[in-house]
């Protein structure tokens, strides 16, 4: 096993011929892994900063009362959106968010809609391949653990597309290609889910992920304004940006 170079191979989950039951078990397994790894934590921090800034501007009568429009790219089963909406209802109940979830898989979007309905969330879902299609306009764009599915050229295209569609800014996280990350991917999914798709794809995802140096180079190539690249627990990396430095100072 070598991790010196990236090994991008099609994942079982991305097979258009995957059986519905296997797909559902894999989506649920990934949702469990994301909860265990606290994948939503950096997005909660980012969202909290933006909502606090909007509340300050509202009190100063310098902001409108429109809902904050947040787009989740490659949403999968929508577990990030649902986790963030539950968090918002507790931490920022006076705020309003219009959530948009996009994914190229119609079945994944159906699962996302069903997951959102469980908490009475009116989720807008859009079938879209972000590597080829334009994204809907939004205030804030999020993307969790998706870039390792793409070629380097596609990553720069997708990052530019997300920057151009979000009025305020965005946050993108992904896996880091490392020995510790590979070891975690080989062991933890087998304790969390019985899905063989997740067992195989988890280690494949780490092999397909970018090193820290490669990730930083892709962010630079995308020309993201005010980009901040940082490490995120566990064995993940992220980039955040703001179109306007005055809106919620990035920490």
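From the list 115, 132, which one is crowded, with 16+ Cβ neighbours inside 10 Å, farther than 23 Å from residue 243 by Cβ, more than 16 Å from the chain's Cα centre (by Cα) and at pLDDT 95 or above? One residue alone meets the criteria, 115.
All of (1) more than 30 Å from residue 179 (Cα to Cα); (2) modelled with pLDDT of 90 or more; (3) touching a strand residue (DSSP E or B) at 6+ places or on another chain (Cβ under 9 Å); (4) surrounded by fewer than 19 Cβ atoms within 10 Å (Cβ to Cβ) hold for residue 21 with one exception: (3). Give the residue, chosen from 155, 163, that is assigned to a helix (DSSP H, G or I), farther than 15 Å from residue 76 by Cβ, touching a strand residue (DSSP E or B) at 6+ places or on another chain (Cβ under 7 Å) and at pLDDT 95 or above. Just a single option satisfies the conditions, and that option is 163. Taken over the range 57-74, the residue count meeting the criterion of being at pLDDT 95 or above and more than 9 Å from residue 100 (Cβ to Cβ) is 3.
In the condition set (1) without any contact (Cβ under 8 Å) to a residue 60 or more places away in the chain; (2) touching a strand residue (DSSP E or B) at 6+ places or on another chain (Cβ under 8 Å), residue 139 is compliant with all but (1). Among residues of the range 65-93 that are surrounded by fewer than 13 Cβ atoms within 10 Å (Cβ to Cβ), those with a Cβ under 6 angstrom from a residue that is at pLDDT 95 or above, sequence gap 6+ or separate chain, pair up as 67/97; 67/98.
The values are calculated or read from the model by the stated rules, or taken from the named source; none is laboratory data. Here the structure is a predicted model, which means the values were calculated and not measured. Here Cβ is always computed from backbone atoms with ideal geometry, including for glycine, and neighbour counts include all displayed protein chains.
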